[in-house]
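The values are calculated or read from the model by the stated rules, or taken from the named source; none is laboratory data. Not measured: the values here are computed from a predicted model. Positions of Cβ are backbone-derived with ideal geometry, glycine not excepted, and every protein chain shown enters the neighbour counts. To get the accessible areas, we keep the full protein, side chains included, count just its heavy atoms, and leave off ligands, DNA and RNA. Shrake-Rupley method; radii C 1.70, N 1.55, O 1.52, S 1.80 Å.
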Amino acid sequence: MFEYYYDYLRDIHLVEIPEGFTYINTTADTDVYLNDNYIPFGFGYDSYITESELKAYSGADVSTMLHTLVIEDDDEEYVSGYLDHCTNLTSNVSADSKDRLASASKSFTADAEGFTAEFNNPKEMLIFFSVPYDEYWQAAIDGRKTEFIRANLGFMAVAVPSGEHIVEFSYHNPALLPGAALSAFGAVACAVYI
């Protein structure tokens, strides 16, 4: 969810302003709206359901994953130590956004190797990041390596203790170095040939 919405075609009115956006101002013929339901990158949940339960729920849509964390069936034993099992799947985007905002990261920075987020949570919880899950990600909390799980149908979540903590994710694909070496060799071979 984006923090702002920009209406560049405001005089033509081709696009209806989405529900949950509040008009801020107009700059250079562009109307600017604030997303009332914006959540910073990295936030926690109070409950979970499994992917099987999500598939069986006839009312499931994207707001279901804002309401409760969706986990792989095999991770239920692990996750149940941190979160309650969700028994009411009725979602309300505004209320759920406020709940997620309460546990959102205090700061977030990204670089070429991954990202870092700071949290100050009143209790231990699973923090969700909308970054595609891959086995080559490595997670650390306060510099100590930790495990993470696949959540919300292909993204990542990590258990973060209560209090102030720094969560770091770094991406290390072992195939990158040999690939770079082969590319360099190919460039040199091409240069010699020419």
Exercise. Could you check how many residues of region 47-60 are in contact (Cβ under 8 Å) with a residue 12 or more places away in the chain and assigned to a loop (DSSP other than H, G, I, E, B)?
Key: 3
Quiz item: Which pairs do you get when a residue that is farther than 27 Å from residue 64 by Cα and assigned to a strand (DSSP E or B), found in region 19-46, comes within reach of a residue that is open to solvent by 70 Å² or more (accessible area, probe 1.4 Å) and among the hydrophobic types (A, V, I, L, M, F, W, C), reach meaning Cβ atoms under 6 angstrom, with the pair 6+ apart or on two chains?
Solution: 32/24
Quiz item: Within region 33-56, which residues are over 17 Å from residue 93 (Cβ atoms), open to solvent by 20 Å² or more (accessible area, probe 1.4 Å) and out of contact with any Ser or Thr (no Cβ under 7 Å at 6 or more places or on another chain)?
Solution: 51, 52, 53, 55, 56
Exercise. Mind telling me which of the residues 96, 84 ends up being closer than 27 Å to residue 52 by Cα, over 18 Å from the mean Cα position of the chain (by Cα) and at pLDDT 90 or above?
Key: 84
